[in-house]
Amino acid sequence: YTNIAPLAEDGMWSVAPADTAAYKTRILVYRPTDPKKFSGTVAVEWLNVSGGVDAGPNWTQSHVALIRAGVAWVGVSAQIVGVEGGPPLLPGLASNPLKEVDPARYGSLHHPGDSFSYDIFSQAAQAVRVPSGPSPLGELKVKRVIAVGESQSAGRLTNYINAIHPITHIFDGFMVHSRGGSFALPLSEAPQPPIVPPGATTIREDIDVPVLTFETETDVTFLGYFAARQDDSENFRLWEVAGTAHYDTYGLGIGMTDIGDSPDVAAVVLMTSAAGGFIDCDTPFNSGPQHFVLNAAWNKLIRWVRTGKAPKSAPRLDVSAGAIQRDANGNALGGIRTPYVDAPIATLQGQGAGSIVCLIFGSTTLFDAAKLASFYPTHKAFTSAYNKSLKRAVKKGWLLKPDAKLMKKWAAGSGIGN
């Protein structure tokens with residue numbers, strides 16, 4: 001695509017088809033085996049290549065809620081780094097493309113470059129919605145298709161919403177997960193004419209389908225989303241979550257195997273190494289509530305797309321002079337609240353220390369024994385404060401009841417205050 005007018009920060013862009021190119025890519029599908037459990041909704045994720053490999057971070061963080069809701073998930077290899085290889089966006093990480101991971105299976109793939117990524121994403125979703133050949137979902141009947149992208153993919157998805165959606169109208173809604181605002185992703189790039197929009201672009205005000213933008217502490221300040229922050233409107237909602245980081249211990253650890261039945265997912269844990277030691281940080285990663293609140297965000301977005309009923313507006317993080325304001329414990333003020341920050345046992349922040357990877361994984365600093373004892377002289381004092389916050393978050397719609405049940409069970413067995 002090429003722009004036919006300047007690309008402004010308001011997202012009201014006009015583009016037209018430009019060059020064409022042949023391509024062959026792959027999609028990865030997770031679907032209910034029992035058709036009766038399929039809700040008719042498909043989440044199509046723009047796979048993230050910032051680490052040099054196709055990854056589905058939103059699926060890792062929110063698969064429990066999607067499976068509960070009978071949602072099928074499709075991951076799209078939309079970008080050249082994931083297929084052919086190339087320098088990862090994050091420094092220090094190695095390229096590991098599909099064609100090298102499994103040449104026998106993926107050797108025939110061909111990607112002509114990221115200028116074509118937007119239409120590759122469109123055509124993959126179209127193949128799910130209205131198959132012209134074998135159906136990726138078998139006999140399942142698709143009723144709704146929601147696009148999702150996290151981090152770099154969220155930036156690409158923002159471009160897609162503003163530029164491509166008004167032409168294609170393939171998606172019924174969008175989950176924009178952890179986008180920044182301090183830099184832009186190209187609409188077109190070499191060898192095609194480079195077209196780079198403003199970094200702090202908002203979602204266009206005339207968007208005709210629901211868009212839920214989900215932001216962590218890291219995204220709002222360190223990655224600059226604050227410059228693109230916009231008011232809620234008829235088809236736009238913004239969730240900013242206190243105590244969270246761009247990626248965290250859940251996504252790097254237990255999230256890989258979580259099947260939604262263990263209270264251990266609610267624990268605040270100290271973890272400094274991931275990916276078999278390939279990622280190693282000096283401070284523990286953030287161990288906050290992103291996955292739980294993201295589950296609720298999906299619940300709200302799916303309902304919004306299905307019924308047209310938008311969720312209520314959520315409170316924003318308290319930001320002043322470019323910094324999140326914090327309480328005496330170092331936890332964020334404002335934003336969506338959970339027991340992690342309102343009945344805390346640790347300081348949870350969105351920015352870590354060291355390399356860029358460690359910075360965006362945030363930090364966890366457990367309270368020492370004396371501080372815990374001063375807050376919670378008995379176990380009942382802790383569970384009472386925790387459950388009060390939990391009940392409030394469920395009532396607000398920021399946590400789902402099945403997750404709250406696990407969290408309550410974890411608190412009861414935690415021993416904090418004993």
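The values are calculated or read from the model by the stated rules, or taken from the named source; none is laboratory data. Treat the numbers as computed from the prediction; the structure is a model and nothing was measured. So basically every Cβ, Gly included, is an ideal-geometry build from the backbone, and we count neighbours across all protein chains shown. Remember, those area values only see protein heavy atoms, side chains included, never the ligands or the DNA or RNA. Shrake-Rupley method; radii C 1.70, N 1.55, O 1.52, S 1.80 Å.
Things worth noting here:
- Hits in region 100-116 (condition: touching a Phe, Trp or Tyr at 6+ places or on another chain (Cβ under 9 Å), assigned to a helix (DSSP H, G or I) and under 23 Å from D19 (Cβ atoms)): S115, F116
- As a summary of the residue check, A274 satisfies the conditions (1) among the hydrophobic types (A, V, I, L, M, F, W, C); (2) open to solvent by less than 20 Å² (accessible area, probe 1.4 Å); (3) more than 17 Å from the chain's Cα centre (by Cα); (4) over 24 Å from N331 (Cβ atoms) except for the one numbered (4).
- Selection count, region 13-70, where residues are part of a strand (DSSP E or B), open to solvent by less than 40 Å² (accessible area, probe 1.4 Å) and farther than 21 Å from W298 by Cβ: 2
- Looking only at region 194-208, and only at residues there that are part of a loop (DSSP other than H, G, I, E, B) and touching a strand residue (DSSP E or B) at 6+ places or on another chain (Cβ under 7 Å), the one that is nearest to S153 (Cα to Cα): I203
- For region 247-266, filtered to residues that are buried (at least 16 other Cβ atoms within 10 Å of the Cβ) and in a loop (DSSP other than H, G, I, E, B), the residue that is modelled with the lowest pLDDT is G253.
- Scan of region 374-385 for residues that are over 30 Å from H246 (Cβ atoms) and open to solvent by 60 Å² or more (accessible area, probe 1.4 Å), ordered by number: S374, P377, T378, K380, S384
- Unique residue being of a type outside the set (V, I, T) and not in a loop (DSSP other than H, G, I, E, B) when the list is N286, N295: N295
- Residue that is nearest to I146 (Cα to Cα), among those in region 161-188 that are open to solvent by 50 Å² or more (accessible area, probe 1.4 Å) and out of contact with any Phe, Trp or Tyr (no Cβ under 9 Å at 6 or more places or on another chain): H169
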